[in-house]
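The values are calculated or read from the model by the stated rules, or taken from the named source; none is laboratory data. Values in this document were obtained by computation on a predicted structure and should not be read as measured data. Cβ: placed from backbone, ideal geometry, glycine included. Neighbour counts: every protein chain shown. In case anyone asks, the SASA skips ligands and DNA or RNA and just uses the protein heavy atoms, side chains included. Shrake-Rupley method; radii C 1.70, N 1.55, O 1.52, S 1.80 Å.
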Amino acid sequence: MIPYARQDITPEDVDAVVAVLRSDFLTQGPAVPAFEQAVAARCGVKHALAMSSATSALHAACLALGVGPGDLVWTSPVSFVASANCARYCGASVDFVDIDPQTFNMCPRALAEKLARAAAGNRLPKVVIVVHMAGRSCDMAAIRELTARHGVAVIEDAAHAIGGSGADAPIGACRHSDITVFSFHPVKIITTGEGGMALTQRDDLADALVLLRSHGITRDPARLEDPDAGAWYYEQQRLGFNFRMTDIQAALGHSQLARLDAYIERRHLLADRYDAALAGLPLQLPLRADAGRSALHLYVVRVDPARTDRSRREVFDGLRARGIGVNVHYIPIHLQPDYRRLGFRPGMFPAAEAYYRHCLSLPMYATLDESQQDSVVAALHAVLA
Ligand SMILES: *Cc1c(COP(=O)(O)O)cnc(C)c1O
């Protein structure tokens, strides 16, 4: 089976991990800050804080921004459930803003309309979490402009997007947001096994994130309420979690980071090959024109119902039967049973639901070779013939 995504582990990665295994620190050692500094430098951001996953980074980001019971957080319905669940962990309620059917990202026009209605009804969200779907940046300048008018904070869920850029900055620079979150799950662009990172330009948010990822505990003498208690002393200053990344993971991520540009290059080359090879099929190919540069985590086609009688399900099953590990990203979050129980219904976000009916993620990862890609294309031709 050719999977839709997979990690690339080199001998250098293995050596980096083994070096940590032979060292004094498996966690809370020097590999974590070294990885953080490398990511911060690459993204042009002041603070980069490694976490146990993007999910925990999103959770901590919401808490750092003050999200709590009674608050409202908005995100995109076309995302992994973690983009919405993070708000619920804080006791907040979730709502969604429909997507732009071309970019698959939160639609700025839909956001503007929903913000206007929310302002009139005195029910504005505290935070909007935008998702750079498939690695393509949202229109961050527009989103910041719309939200800032109402004092709404912005988190970028950039789980798909490390190595990509927006119109005017690398993703992760937080030029138009408060916090950006990356994922290092093995299906993503670079991996640490499990792992994530929260990036911010703001010192106050970085301080909160550091506390939240380690039980709310500090040993920093400058921050202690009782600075003279003794050298053993630490204080829990708020309720935090164990959201730490290990040094083993950080060493792997740091080693992978050296290949990030090559990975993005390769993904663009594979996307160019798909664009050319699939042009004649009854598929809507993903929009490639971009004010920035996508990290191309996913290559999402849509089975075009105007040009074929084959359903997405038939195409999906036909490809799987031929050993092609296609996938569907994503089932709209509001249609999950756990969200329907909160009152969400089909029809509420029609662009997201229309996207979902036809979307299919083709294999896309740096080590996918041309002959494997050609077999994906051949299988698509056979299934759609
Ligand atoms: C993968 C993913 C996450 C969760 O990442 P983890 O590191 O697995 O917690 C969150 N948001 C999006 C959009 C993702 O694709």
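Brief remarks on what is shown
- Residues that are hydrophobic (A, V, I, L, M, F, W, C) and surrounded by fewer than 18 Cβ atoms within 10 Å (Cβ to Cβ), drawn from segment 317-352: Ala321, Val328, Ile331, Leu342, Met348
- Test: residue in segment 28-36 that is without any contact (Cβ under 8 Å) to a residue 60 or more places away in the chain, farther than 26 Å from Val300 by Cβ and of a type in the set (Asp, Glu): no
- Matching option when the condition is of a type outside the set (A, V, I, L, M), surrounded by 15 or more Cβ atoms within 10 Å (Cβ to Cβ) and within 16 Å of the ligand (Cβ to nearest atom), among His185, His254: His185
- Matching helices (runs of 4 or more DSSP H) fully within segment 8-111 where at least 1 residues are over 30 Å from Asn122 (Cα atoms), open to solvent by less than 20 Å² (accessible area, probe 1.4 Å) and in contact with a strand residue (DSSP E or B) (Cβ under 9 Å, 6 or more places away or on another chain): 11-21, 31-43, 54-64
- All of Asp309, Asp226 fail the test of being without any contact (Cβ under 8 Å) to a residue 12 or more places away in the chain, in contact with a strand residue (DSSP E or B) (Cβ under 9 Å, 6 or more places away or on another chain), surrounded by fewer than 16 Cβ atoms within 10 Å (Cβ to Cβ) and not polar (S, T, N, Q), apart from Asp226.
- The set of residues in segment 161-182 that are more than 19 Å from Ser255 (Cα to Cα) and within 9 Å of the ligand (Cβ to nearest atom) contains only Val181.
- Val127 vs. criteria within 11 Å of the ligand (Cβ to nearest atom), of a type in the set (A, V, I, L, M) and crowded, with 24+ Cβ neighbours inside 10 Å: no
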